[in-house]
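A.B. asks: Take this structure, written in structure tokens, and hold onto it; I'll ask about it next.
The values are calculated or read from the model by the stated rules, or taken from the named source; none is laboratory data. Please read all numbers here as calculations on a predicted model, not as lab measurements. Backbone-built Cβ (ideal geometry, glycine too); neighbour counts: all protein chains shown.
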Amino acid sequence: MKRRAAITAAGLAAAVGVSVLGAGAASAASGGFTPRQGVMGDGSYRACLEYGNTMAQMGALRGFTCTPQADGRYYFRWY
């Protein structure tokens with residue numbers, strides 16, 4: 001009975017290990033780089049949104065903001 005429990009535990013550990021490794025490989029493949037932060041392109045709201053949307057579609061980020069600055073340009077931040 002103890003042997004069966006040990007074999008079951010070893011099999012479960014191996015299955016969990018494989019799924020964890022698979023998840024890591026998937027996340028590394030979906031982006032593989034860090035988006036820039038700062039003023040994008042000409043600093044317009046449109047340039048900020050286009051950059052953020054492009055990075056989100058590539059899977060490089062979960063969300064972003066375009067924060068207006070005192071000089072009228074927009075600062076891109078991601079999370």
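A.B. asks: Scan segment 44-68 for residues that are more than 18 Å from the chain's Cα centre (by Cα), touching a residue at least 24 places away in the same chain (Cβ under 8 Å) and not in a helix (DSSP H, G or I) and report the count.
C.D. replies: Counting residues in segment 44-68 that are more than 18 Å from the chain's Cα centre (by Cα), touching a residue at least 24 places away in the same chain (Cβ under 8 Å) and not in a helix (DSSP H, G or I) gives 1.
A.B. asks: What single numbered condition from (1) in a loop (DSSP other than H, G, I, E, B); (2) in contact with a helix residue (DSSP H, G or I) (Cβ under 6 Å, 6 or more places away or on another chain); (3) at pLDDT 95 or above fails to hold for Phe76?
C.D. replies: Only one criterion in (1) in a loop (DSSP other than H, G, I, E, B); (2) in contact with a helix residue (DSSP H, G or I) (Cβ under 6 Å, 6 or more places away or on another chain); (3) at pLDDT 95 or above is unmet by Phe76, namely (1).
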